[in-house]
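Presented below is the structure to which this report refers.
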Amino acid sequence: MTETPASFTPSTRFAVPGRIAVSNRAAALWQTATLTEIRRETPHASTFRFAVPAWAGHLPGQHLMLRLTAEDGYAAQRHYSIASAPDDAGHIELTLDHVEGGEVSGWFHTVAEPGDEVEVRGPLSGFFAWPGDRPALLIGAGSGVVPLMSMVRHHRARGLSVPLRLLVSARGPEELIYAGEFDAETTPVFTRSAPEGVPVGRMAAAHVAPLLADPPPGGWEAYVCGSNAFAEHASRLLVAAGQPVERIRIERFG
Ligand SMILES: Cc1cc2nc3c(=O)[nH]c(=O)nc-3n(C[C@H](O)[C@H](O)[C@H](O)COP(=O)(O)OP(=O)(O)OC[C@H]3O[C@@H](n4cnc5c(N)ncnc54)[C@H](O)[C@@H]3O)c2cc1C
């Protein structure tokens, strides 16, 4: 974990040197990202839209490194999945949970406003990327739905015919990130409260097994994202339902 000097608070206004890197080695370079819009998704999560003119593009599922720098030079870096689809020239969107006492998410949720500049470096990690070339079975919990939403948006934006299904767990309907955007591809699971007539409970074999019935030609590639505990739980359910272990890709938010 990053050490935090006593003088540092989440309300610190970070200053960023105005640097824009234009290079085909973009993933290795820090670029300035200008916050252009903030959209509330749930009581604890918001989407932050940035203009990144030199962004080299990404694949759905990839993430980036974000850096905030305080006036005294103190810097905090965190990984964030990219929520937007690739076809959003010069722009990227991130969706951040407000972690209690969180340095970086706290700054975004309580201080950041359009016009602020931060630094980003990416895209990173090809392992969790889905180029849209194979049937995708997506399973996420909480903000773990973020990289999966990039895949759903890509699927729609390109009008892909390859099958895609999303199983997403949230504490309740009000905590379901992107609730207004989901369509027939998505099955929500509510763990604490649910609309009348909808069962409440942990994600279980009964949710996963039907998704694996009638596998498409070539089978499913499974993408699991969430906390360590959730990733383990969901992977076990997938294996028990017959998904080959080597076709389960996992992204852990730690
Ligand atoms: C590959 C990757 C992608 C990620 N993508 C996203 C994303 O799309 N959206 C998103 O909101 N987060 C994402 N995260 C988590 C993110 O990197 C930060 O860990 C998170 O925003 C907390 O940072 P912070 O500075 O606010 O909190 P910190 O100041 O780092 O932590 C404050 C306290 O909260 C605890 N904590 C840290 N992270 C979490 C957490 N995720 N849940 C609960 N408690 C925590 C810490 O142990 C500490 O006690 C991702 C992580 C990884 C590794």
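Against the definition (over 28 Å from Glu93 (Cβ atoms) and hydrophobic (A, V, I, L, M, F, W, C)), how does Ala194 come out, yes or no?
no
Take the range 209-232 and flag every residue that is open to solvent by 20 Å² or more (accessible area, probe 1.4 Å), within 16 Å of the ligand (Cβ to nearest atom) and closer than 16 Å to Leu137 by Cβ.
Residue satisfying the conditions is Phe230 alone.
Could you tell me how many of the residues in the range 87-97 are within 10 Å of the ligand (Cβ to nearest atom) and open to solvent by 50 Å² or more (accessible area, probe 1.4 Å)?
Residues that pass the stated criteria total 1.
Any idea which of Ala194, Ala157, Ala206 is among the small types (Gly, Ala, Ser), farther than 27 Å from His63 by Cβ and open to solvent by 50 Å² or more (accessible area, probe 1.4 Å)?
Of the residues listed, the single one that is among the small types (Gly, Ala, Ser), farther than 27 Å from His63 by Cβ and open to solvent by 50 Å² or more (accessible area, probe 1.4 Å) is Ala206.
Name every residue in the range 60-86 that is more than 14 Å from the ligand (Cβ to nearest atom) and either touching a Ser or Thr at 6+ places or on another chain (Cβ under 6 Å) or under 15 Å from Pro147 (Cα atoms) (or both), in order of residue number.
Listed by number, the residues that qualify are Ala85, Pro86.
Just one of (1) within 9 Å of the ligand (Cβ to nearest atom); (2) open to solvent by 30 Å² or more (accessible area, probe 1.4 Å); (3) charged (D, E, K, R) trips up Glu103, so point out which.
With (1) within 9 Å of the ligand (Cβ to nearest atom); (2) open to solvent by 30 Å² or more (accessible area, probe 1.4 Å); (3) charged (D, E, K, R) applied to Glu103, the lone miss is (2).
Are any of the residues in the range 160-173 in contact with an Asp or Glu (Cβ under 7 Å, 6 or more places away or on another chain), open to solvent by less than 50 Å² (accessible area, probe 1.4 Å), within 19 Å of Leu237 (Cβ to Cβ) and assigned to a loop (DSSP other than H, G, I, E, B)?
So far as the range 160-173 goes, no, none of its residues is in contact with an Asp or Glu (Cβ under 7 Å, 6 or more places away or on another chain), open to solvent by less than 50 Å² (accessible area, probe 1.4 Å), within 19 Å of Leu237 (Cβ to Cβ) and assigned to a loop (DSSP other than H, G, I, E, B).
Please list, ordered by first then second residue, the pairs with beta carbon atoms under 7 Å, 6 or more apart or interchain, first in the range 119-132 and away from the ligand (no atom under 13 Å from the Cβ), second of a type outside the set (A, V, I, L, M, F, W, C) and in a loop (DSSP other than H, G, I, E, B).
If the second residue must be of a type outside the set (A, V, I, L, M, F, W, C) and in a loop (DSSP other than H, G, I, E, B), the pairs left are Trp130/Pro60; Trp130/Gly61; Gly132/Arg158.
The values are calculated or read from the model by the stated rules, or taken from the named source; none is laboratory data. Please read all numbers here as calculations on a predicted model, not as lab measurements. Neighbour counts run over all protein chains shown; Cβ positions are idealised from the backbone, glycine included. SASA here: full protein model, heavy atoms, side chains in, ligands and nucleic acids out. Shrake-Rupley method; radii C 1.70, N 1.55, O 1.52, S 1.80 Å.
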